[in-house]
Amino acid sequence: MSSPSIRLGTGDLARYPFLNEAGLYIRESGFNWDELERTETSDILARAIDRVNAAVEGNVYRGIDKYEVEILSFLISLLIVKSVGIDNLTRKYSLAEARRAEEFLGSDMKKSTQEQRRSLLYKIFEDLFGLKMVFDNSTGMYAMSMESYLRRSSHFHEKEWKLVNRPVFDGKVYLHADETVRLVRNELVQLIVDRIKSMELPKIPNSIKLASEELRSRLAARLDYRPMTAGDYPPCVKHALEMMSKGENLSHAARVMLATYLITAGRPIEEIVSVFRNAPDFNEKVTRYQIEHLSGFKGSRTRYSVPSCDKLRSQNLCYSTTDCDGIINPVQFGRRKER
């Protein structure tokens with residue numbers, strides 16, 4: 001299939017700077033690294049640092065004021081992350097940029113004309129991820145093949161993503177704009193991760209080198225992986241801890257399971273917060289509040305129980321072994337062996 005004739009403006013590239021057209025735009029603009037040493041381009045470097053700092057704090061950078069600056073600052077932020085060389089920062093940054101694009105794309109898909117939708121569907125979904133979809137005017141939803149949906153929804157454990165809970169007609173699964181965008185977030189994260197890892201570092205301008213060194217010295221102790229000893233925890237908890245130690249993004253259900261188990265095990269709030277520091281979207285303020293809420297110290301003042309084994313199985317969070325025989329809740333793990 002030949003690519004549709006699609007013209008992208010600088011506004012499109014500022015919102016989606018990971019598109020190949022953004023790289024072409026930069027090359028055609030005649031930009032070179034030496035320009036970053038000039039005082040009048042300091043705002044580009046400042047924006048790039050803002051993007052990285054926002055990712056570190058678990059926030060989404062939403063700047064869109066000057067299109068050219070946003071396009072260039074994305075490229076420079078990739079170079080900064082590459083130069084810092086901390087894997088956890090690479091994942092945090094990639095997730096933050098994917099979430100940023102997700103917000104813009106969800107909004108664009110709702111507001112766009114039919115022609116603009118066709119462009120977005122092709123350039124981002126089909127061109128980048130090989131995901132073919134059509135917009136159904138009668139329902140206002142996006143339809144994709146069942147095979148495409150199942151391949152991507154397998155990463156989600158919430159019940160709303162199960163096929164039985166989705167509208168299906170004539171072999172196609174129907175989703176709203178926000179759901180469609182969320183479905184490809186993991187692929188977009190990986191696309192940005194791969195782009196960072198494949199970058200060949202040029203002769204780095206002194207301004208970027210200084211910014212990278214400052215970030216590395218400030219973030220190394222905070223973002224370097226923290227191997228966690230799982231102890232005599234049940235397999236479901238061990239698996240969640242292993243995923244977290246690798247900087248993987250746990251589902252909401254897995255986080256609730258892990259937090260409630262550690263609370264029930266008597267771990268202090270501060271220690272539980274530190275367990276989640278490796279999460280790509282870690283935000284200390286939000287994480288602390290959520291753990292205090294589950295502990296019964298905030299919100300409804302109700303202490304949440306650890307999900308049962310049946311519930312964890314339904315959420316695809318069970319990794320039982322023979323040591324789990326006879327238990328109905330993870331908190332019982334080990335007690336039978338002791339008896």
Is it true that L89 is free of Cβ contacts under 8 Å to residues at least 24 places away in the same chain, assigned to a helix (DSSP H, G or I) and within 20 Å of the chain's Cα centre (by Cα)?
no
Residue list for the range 81-93, restricted to those being buried (at least 23 other Cβ atoms within 10 Å of the Cβ) and under 23 Å from Y25 (Cβ atoms):
V81, Y93
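Taking the range 198-215 only, how many residues are surrounded by 12 or more Cβ atoms within 10 Å (Cβ to Cβ) and either of a type in the set (D, E, K, R) or without any contact (Cβ under 8 Å) to a residue 60 or more places away in the chain (or both)?
4
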Quick check on this structure: which one of I124, I86, I76, I80 is under 13 Å from P17 (Cβ atoms), in the same structural domain as G11 (by TED's automatic domain parsing) and either at pLDDT below 85 or not acidic (D, E) (or both)?
I76
Would the range 93-104 turn up any residue that is within 21 Å of L201 (Cα to Cα), in contact (Cβ under 8 Å) with a residue 12 or more places away in the chain, of a type outside the set (S, T, Y) and not in a loop (DSSP other than H, G, I, E, B)?
yes
In the range 17-55, which residue that is modelled with pLDDT of 90 or more and β-branched (V, I, T) is surrounded by the most Cβ atoms within 10 Å (Cβ to Cβ)?
V52
Criterion first (at pLDDT below 90, among the basic types (K, R) and more than 26 Å from S314 (Cβ to Cβ)) does R182 satisfy it?
no
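Would you point out the residue of the range 1-16, among those that are exposed (fewer than 14 other Cβ atoms within 10 Å of the Cβ) and in a loop (DSSP other than H, G, I, E, B), that is modelled with the highest pLDDT?
Only one residue tops the list, namely G9.
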Among the residues of the range 139-160, the number that are of a type outside the set (A, V, I, L, M) and under 22 Å from A254 (Cβ atoms) is 11
Please identify the pairs in which a residue from the range 38-53 that is on the phi < 0 side of the Ramachandran plot has its Cβ atom under 7 Å from the Cβ atom of a residue that is exposed (fewer than 12 other Cβ atoms within 10 Å of the Cβ) and assigned to a helix (DSSP H, G or I), counting only partners at least 6 apart or on another chain.
none
Out of (1) of a type outside the set (G, A, S); (2) within 24 Å of G9 (Cβ to Cβ); (3) in contact with a strand residue (DSSP E or B) (Cβ under 6 Å, 6 or more places away or on another chain), the odd one out for Y149 is which?
(2)
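The values are calculated or read from the model by the stated rules, or taken from the named source; none is laboratory data. Quick caveat, the model's predicted, so the values are computed rather than measured. Heads up, the Cβs are rebuilt from the backbone with ideal geometry, glycines too, and the neighbour counts pull from every protein chain shown.
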